[in-house]
């Protein structure tokens with residue numbers, strides 16, 4: 001627990017309520033909760049708020065796409081995205097209660113504890129927890145099947161297209177330019193973290209990560225393979241945890257405020 005999260009009163013109570021998945025409803029409820037959490041944290045300039053700023057934009061885009069009829073199986077999309085959001089919310093709730101979180105989220109929180117000024121590092125650590133660990137588990141929880149690949153690819157493209165809006169919102173609320181996180185060349189350590197070597201752009205890197213997560217989510221349905229897949233996920237996450245410091249040094253996002 002950090003001093004920035006040692007809050008009392010209305011803010012702390014609001015965060016606890018918003019992150020309590022026992023009352024979590026559908027996709028719009030998840031998006032609304034993440035947006036409210038982002039606002040509370042951004043008001044305090046807490047680096048933990050940068051990730052929900054990004055995530056809120058993605059969730060709202062997905063909810064709008066569901067309502068516009070862009071998916072073949074909208075019920076599965078909503079089941080998956082609520083499970084995905086629930087993993088973030090539950091880990092936040094546990095952190096607020098000083099309870100045990102998953103190791104990748106514990107690492108993300110430690111990163112903020114030890115270097116609260118490193119916004120890029122905080123985001124990278126949160127994205128590691130979200131994409132490398134939570135994503136395949138949420139796919140598994142949603143009973144993903146091979147037939148869902150079309151909708152999943154639509155989701156991945158849709159999320160990447162929110163990058164400009166996310167960059168602008170982070171700059172507005174935190175005064176930090178994180179465009180290098182999206183557009184800088186991938187780091188050299190990725191050739192040991194991903195099969196097939198280093199993609200030549202962050203966009204291809206994103207789709208490589210989400211593609212691997214889809215395969216892992218499918219494989220988790222097999223009880224015999226499940227321990228091996230979870231060990232693979234944990235190993236990949238640990239590789240990226242170690243690499244977050246390298247990422248922070250490489251990106252060095254420039255402040256646009258004094």
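The residues of the stretch 43-62 that are assigned to a helix (DSSP H, G or I), in contact (Cβ under 8 Å) with a residue 12 or more places away in the chain and surrounded by fewer than 20 Cβ atoms within 10 Å (Cβ to Cβ), listed by number, are 60, 61.
Close contacts from the stretch 147-174, counting a first residue that is in contact (Cβ under 8 Å) with a residue 12 or more places away in the chain and a second that is outside any helix (DSSP H, G or I) and buried (at least 19 other Cβ atoms within 10 Å of the Cβ), with Cβ to Cβ under 7 Å and a gap of 6+ residues or different chains, come to 151/71; 154/71; 167/178; 170/176; 170/178. Against the definition (modelled with pLDDT under 95, within 30 Å of residue 228 (Cβ to Cβ) and either in contact with a strand residue (DSSP E or B) (Cβ under 8 Å, 6 or more places away or on another chain) or surrounded by fewer than 22 Cβ atoms within 10 Å (Cβ to Cβ) (or both)), how does residue 175 come out, yes or no? When the stated conditions are applied, residue 175 does not pass them. When the residues of the stretch 186-198 are filtered to those that are surrounded by 14 or more Cβ atoms within 10 Å (Cβ to Cβ) and more than 20 Å from the chain's Cα centre (by Cα), which remaining residue is modelled with the lowest pLDDT? Across the stretch 186-198, the extreme among qualifying residues is 189.
Would you mind listing the helices (runs of 4 or more DSSP H) fully within the stretch 72-140 where at least 1 residues are touching a residue at least 60 places away in the same chain (Cβ under 8 Å), in contact with a strand residue (DSSP E or B) (Cβ under 6 Å, 6 or more places away or on another chain) and under 19 Å from residue 41 (Cβ atoms)? Walk me through it before giving the result.
Details: elements: 74-96, 103-114, 119-127.
Once the helices (runs of 4 or more DSSP H) in the stretch 72-140 are filtered for at least 1 residues that are touching a residue at least 60 places away in the same chain (Cβ under 8 Å), in contact with a strand residue (DSSP E or B) (Cβ under 6 Å, 6 or more places away or on another chain) and under 19 Å from residue 41 (Cβ atoms), what remains is 119-127.
Of all residues in the stretch 19-39, those being touching a helix residue (DSSP H, G or I) at 6+ places or on another chain (Cβ under 7 Å) and not in a helix (DSSP H, G or I) number 4. Across the stretch 202-231, the qualifying residues are those that are surrounded by fewer than 13 Cβ atoms within 10 Å (Cβ to Cβ) and more than 21 Å from residue 127 (Cα to Cα), and the one among them that is farthest from the chain's Cα centre (by Cα) is 224. Every condition in (1) at pLDDT below 95; (2) farther than 21 Å from residue 57 by Cβ; (3) surrounded by 18 or more Cβ atoms within 10 Å (Cβ to Cβ); (4) over 15 Å from the mean Cα position of the chain (by Cα) is met by residue 107 except one, and the failing one is (4).
The values are calculated or read from the model by the stated rules, or taken from the named source; none is laboratory data. Small disclaimer: the values here were computed from a predicted structure and weren't measured. Because the Cβ atoms are built from the backbone with ideal geometry, glycine has one as well, and the counts that use them run over all protein chains shown.
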